[in-house]
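Remarks on the structure that follows.
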Amino acid sequence: METPTAAIRSRFPQCSIAYAVRLALRLAAVCGLLALTTACHTGRFYWQALQGQSDILVRQLAVAQMTNSPTVPDSLKRQLQQVQQLTDFADRCLRLPSGGTYRKYANLGRPYVVWNVFAADEFSVEAKTWWYPLVGRLKYQGYFQESRAREYSGKLKAQGLDVSIGPVKAYSTLGWLRDPVLNTWVNDRDTELAELIFHELTHRKLFISGDTDFNEAFATATSRICVRMWLEAMGQVLELELYTQRQQDDERFRRAVQASRKDLAALYATLRKPEGNDARKIEDQVQVTRDQKRRIMEALQREFPAEFRHLPNNARLAQIDTYERYVPAFERLHQASAGNLDVYFEAVRDIGKTPKPKRFETLERLTR
């Protein structure tokens with residue numbers, strides 16, 4: 001097996017050995033940032049992560065070149081120009097410095113860049129976590145190939161865990177690399193495109209090691225705040241009204257998921273081993289709990305069929321919870337800052353500096 005440095009030089013023959021070494025080290029760090037390794041950190045998984053990220057590098061073309069090329073479709077040119085306008089707006093008006101991201105484009109030839117695997121015990125609302133270098137514990141494990149994600153999820157299911165696979169259109173390398181525009185998201189409608197760009201740039205702005213809930217809710221809330229600001233600045237009144245309505249729908253969905261998770265937590269808390277560890281009684285109790293769990297999941301699916309094409313499970317609800325639970329807390333912080341982004345980001349940064357239990361307590365209080 002060739003070394004990472006050799007692999008990079010074979011793909012980029014014009015680069016020096018020193019540059020290849022530096023890039024290999026950065027890519028190795030990104031492997032940890034993207035959580036693309038197993039808990040045992042075997043070379044095989046580090047290698048697939050390195051291959052996946054280097055493949056993106058190989059496919060990159062300068063956006064400026066593409067927008068001036070007669071061979072590039074006009075529709076793609078328009079989307080690339082929109083990305084540049086949104087990135088410039090983030091730099092100038094949103095306190096979200098892009099740091100040179102989205103100046104290149106990569107067509108991966110697939111609809112998603114990464115597939116994230118979430119897992120939870122059969123009778124627990126808490127997500128399983130994995131530990132990674134640099135970023136600490138995260139609530140997901142990602143793969144550049146869908147087949148590998150499904151292979152790993154199969155192993156987790158064999159252990160009796162609830163599993164959910166979330167396809168991902170984009171991610172941030174948190175400034176380790178200059179992230180490109182990807183075919184996986186460039187054709188999104190304008191508000192979705194803006195939300196995605198602002199979300200990923202928020203990760204570059206602030207990332208708290210080992211706290212998936214904080215990072216994702218912060219990025220989700222901030223991206224929505226910034227989309228509203230962008231629509232207002234562009235004078236798109238009707239689109240702003242529609243976007244606000246969609247956010248209200250999202251809030252109704254968030255509350256329903258939270259209510260279901262609360263019901264499930266109460267249900268799982270009643271599951272106790274009978275005295276004497278009677279095998280038959282244990283089996284009966286487990287089956288009753290499974291039946292009640294299924295009824296809660298089916299009720300949620302009936303209420304939101306578009307969001308749940310398949311019957312949800314603990315892992316799926318934990319995945320949603322990770323991105324949505326603390327969004328109201330960050331929205332309130334923004335309101336308290338009177339719309340001043342500098343004040344808002346400083347308040348968020350101060351909370352992020354506190355120990356995790358205190359951070360959790362603060363976000364819970366702000367969410368109520």
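Listing for the model above:
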{"read-out": "Simple spin-label estimate for Thr367 and Leu108 in nanometres, 7 Å along Cα-Cβ", "value": "2.9"}
{"read-out": "Two-site label geometry, Ala158 and Arg228: point separation in nm, points 7 Å out along Cα→Cβ", "value": "4.8"}
{"read-out": "Amide H within-cut-off set for Val114, under 5 Å, with H built and near neighbours excluded", "value": "Val168"}
{"read-out": "Residue with peak Gaussian network fluctuation, the chain [Cα springs, cutoff 10 Å], from Ala64, Ala306, Ala49", "value": "Ala306"}
{"read-out": "Environment charge of Val113, counting only residues whose C-beta is closer than 13 Å and scoring Lys/Arg +1, Asp/Glu -1", "value": "-1"}
{"read-out": "The range 317-365 shape via C-alpha gyration tensor axes, a/c threshold 1.5", "value": "oblate"}
{"read-out": "Anisotropy class of the range 210-368 from Cα gyration tensor, a/c 1.5 cut", "value": "oblate"}
{"read-out": "Residue-wise HN-Hα coupling along the range 189-198, computed from phi with Karplus coefficients 6.51, -1.76, 1.60 (Hz; x: Gly, Pro)", "value": "5, 4, 5, 5, 4, 5, 4, 5, 4, 5"}
{"read-out": "FRET E, pair Gln60, Lys358, Förster distance 41 Å, beta-carbon r, rounded to 0.05", "value": "0.45"}
{"read-out": "Global geometry of the chain, whether rounded, prolate or oblate, following the gyration tensor of its Cα atoms and the 1.5 cut on a/c", "value": "oblate"}
{"read-out": "HN-Hα J in Hz across the range 208-220 - Karplus 6.51, -1.76, 1.60, θ = phi - 60°, x for Gly and Pro", "value": "9, 4, x, 10, 4, 4, 4, 4, 6, 5, 4, 5, 5"}
{"read-out": "Surrounding net charge for Met66, when Lys and Arg each add one and Asp and Glu each subtract one, Cβ distance under 10 Å", "value": "+2"}
{"read-out": "Under 16 Å from the Cα of Lys77 - lysines, other chains or at least 8 residues apart", "value": "Lys104"}
{"read-out": "Length released on extending from Ala336 to Asn68, taking residue separation times 0.36 nm less the Cα-Cα span", "value": "92.0 nm"}
{"read-out": "Using θ = phi - 60° and Karplus 6.51 cos²θ - 1.76 cosθ + 1.60, couplings along the range 67-75 (whole Hz; Gly, Pro as x)", "value": "5, 9, 8, x, 8, 8, x, 4, 4"}
{"read-out": "Relative packing of 249-255, 226-232, 103-109, which averages over residues the other C-beta atoms within 10 Å, highest first", "value": "226-232, 103-109, 249-255"}
{"read-out": "For Tyr132, distant residues with modelled amide H under 5 Å away", "value": "Arg137, Leu138"}
{"read-out": "Theoretical FRET efficiency, 1/(1+(r/R0)^6), r = Cβ-Cβ of Asp350 and Ser147, R0 51 Å, to 0.05", "value": "0.75"}
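Bear in mind these aren't lab numbers, they're just calculated from the coordinates by the rules spelled out. Everything quoted here is computed from the prediction, not taken from an experiment. Because the Cβ atoms are built from the backbone with ideal geometry, glycine has one as well, and the counts that use them run over all protein chains shown.
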